[in-house]
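The values are calculated or read from the model by the stated rules, or taken from the named source; none is laboratory data. What you are looking at is a predicted structure, and each value in this text was computed from that prediction instead of being measured. Quick reminder, even Gly has a Cβ in these numbers, built from the backbone with ideal geometry, and neighbours come from all protein chains shown. Protein only, heavy atoms only, side chains kept; ligands, DNA and RNA dropped before computing areas. Shrake-Rupley method; radii C 1.70, N 1.55, O 1.52, S 1.80 Å.
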Amino acid sequence: MSQKVLLNATEVHIALHRLACQLIENHDTFENTVLIGIQPRGIFLAQRLKQLLESDYKIRNVQLGHLDITFYRDDFRRGGHTLEANTTQIDFIVEDKKVVFIDDVLYTGRSIRSALTAIQSFGRPLEIELLTLIDRRFSRHLPIQPDYRGRQVDAIGEEKVKVCWQENEGEDAVYLVNK
């Protein structure tokens, strides 16, 4: 197994700031916007963006929630392994709000389709956007595209994109892993 660095710590930092600035351009004060990190891996990116928006760009009161999509997945009862649920933490109203889904890697689009179904349990958003750090553009099974992307990657076949976060893996980096 070999791996190639797609983004090092500095490049991840730059991408996060660029994504934060794009969010500010479209959502200004975030008065009517909420961020939703898709469990399990999107929450690290979502927390980082919230931190940047509040500390570096002085946006006050950014609302952040975590959405578990386990029971909404189309493969929930398929295969030989049991899926392990995460927690959903949304302690605000999404009704008539602009929702920004945040996930680390957009691959087939199935996780986002599941998130679109799951969020309906919390109300009807005014609109929904998608932010992803890595967009694997040639791997879609569904017609879902990000509104904000950190980097577009053309991974093929058995190649896997691995996103590492300082909080979880001890480093900020993105790798392309060949099996």
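On the basis of being open to solvent by less than 30 Å² (accessible area, probe 1.4 Å) and at pLDDT 95 or above, does residue 116 make the cut?
no
Which members of segment 118-149 meet the condition of being of a type in the set (Phe, Trp, Tyr) and in contact (Cβ under 8 Å) with a residue 24 or more places away in the chain? Even if it seems obvious, please write down each step before you answer.
So the first thing to find is which residues in segment 118-149 are of a type in the set (Phe, Trp, Tyr), and the list is 122, 138, 148.
Passing the criteria: 122, 148.
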(Q) Going residue by residue through segment 94-107, is there one that turns out to be open to solvent by 50 Å² or more (accessible area, probe 1.4 Å), closer than 15 Å to residue 44 by Cβ and out of contact with any Phe, Trp or Tyr (no Cβ under 9 Å at 6 or more places or on another chain)? (A) no
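Is it true that some residue in segment 124-132 is closer than 18 Å to residue 49 by Cα, open to solvent by less than 70 Å² (accessible area, probe 1.4 Å), in contact with a Lys or Arg (Cβ under 6 Å, 6 or more places away or on another chain) and of a type in the set (Asp, Glu)? Explain how you work it out, then say what you get.
Filtering segment 124-132 for residues closer than 18 Å to residue 49 by Cα gives 128-132.
Going one step further and asking which of them are open to solvent by less than 70 Å² (accessible area, probe 1.4 Å), we end up with 128-132.
From what's left, in contact with a Lys or Arg (Cβ under 6 Å, 6 or more places away or on another chain): 132.
If we keep only those that are of a type in the set (Asp, Glu) too, we end up with none.
Within segment 124-132, none of the residues are closer than 18 Å to residue 49 by Cα, open to solvent by less than 70 Å² (accessible area, probe 1.4 Å), in contact with a Lys or Arg (Cβ under 6 Å, 6 or more places away or on another chain) and of a type in the set (Asp, Glu).
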Q: Taking the residues in segment 81-110 that are touching an Asp or Glu at 6+ places or on another chain (Cβ under 7 Å) and among the charged types (D, E, K, R) as candidates, determine which candidate is farthest from residue 147 (Cα to Cα).
A: 110
(Q) Could you check segment 1-34 and list, in sequence order, the residues that are part of a loop (DSSP other than H, G, I, E, B) and open to solvent by less than 80 Å² (accessible area, probe 1.4 Å)? (A) 8, 29, 30, 32
Q: Determine the pairs where a residue that is in contact (Cβ under 8 Å) with a residue 12 or more places away in the chain and among the charged types (D, E, K, R), located within segment 35-60, has a partner that is assigned to a loop (DSSP other than H, G, I, E, B) and open to solvent by 40 Å² or more (accessible area, probe 1.4 Å) with Cβ atoms under 9 Å apart, the partner being 6 or more residues away or on another chain.
A: 60/29
Q | Residue in segment 165-177 that is of a type outside the set (Asp, Glu), under 22 Å from residue 34 (Cα atoms), touching a strand residue (DSSP E or B) at 6+ places or on another chain (Cβ under 7 Å) and open to solvent by less than 20 Å² (accessible area, probe 1.4 Å) present | A | no
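Is it true that residue 18 is at pLDDT below 95 and under 23 Å from residue 149 (Cβ atoms)?
Criteria not met by residue 18.
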